[in-house]
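Data first, discussion second: the structure below is written as structure tokens.
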Amino acid sequence: MANQNGPIIDMTPDGGFVQPPKTDYLTILARLLAFGVLLLVAAVAFWMALFIVPVLIILGIAGYALSRTQIRRF
């Protein structure tokens, strides 16, 4: 029995390879739009992180200082 698990080579009878169909402009536009949306989401997430991380650091320092003053009281 022949092994049918190998690759399929799409060739024409004269020995040339079959060219894949050209991608239409709507598909290219949809891919560019999806890439743009993902890039926008990543940029907004990075921009938010630039503002949130310093606030969290300041809140952490303030919480640490307040907890240390509470320990000293008792």
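Any read-out appearing in this document is the output of simple, stated calculations on the displayed coordinates, not a laboratory observation. No experiment lies behind these values; they were computed from the predicted model shown. In this analysis, Cβ positions are derived from the backbone assuming ideal geometry, glycine residues included, and neighbour counts consider all displayed protein chains.
Helix 25-73 and the longest principal axis of the C-alpha atoms of the chain enclose an angle of approximately 20°. Looking at the chain, the trypsin sites (Lys or Arg not before Pro) that sit in a DSSP loop and have at most 11 other Cβ atoms within 10 Å of their own Cβ are Lys22.
Find the Rg to Rh ratio for the chain, where Rh is the Kirkwood radius over alpha-carbon pairs and Rg uses the same atoms.
Working: Rg = 29.9 Å, Rh = 19.3 Å.
When Rh is taken as the Kirkwood radius, the ratio is 1.55.
Taking the chain as a Gaussian network, Cα atoms linked when under 10 Å apart, which of Ala30, Ala49, Ala62 shows the biggest mean-square fluctuation? Taking springs between Cα atoms under 10 Å, the residue moving most is Ala62. Fully extending the segment from Ala30 to Ile57, taken as 0.36 nm per residue of separation minus the present Cα-Cα distance, adds 5.7 nm.
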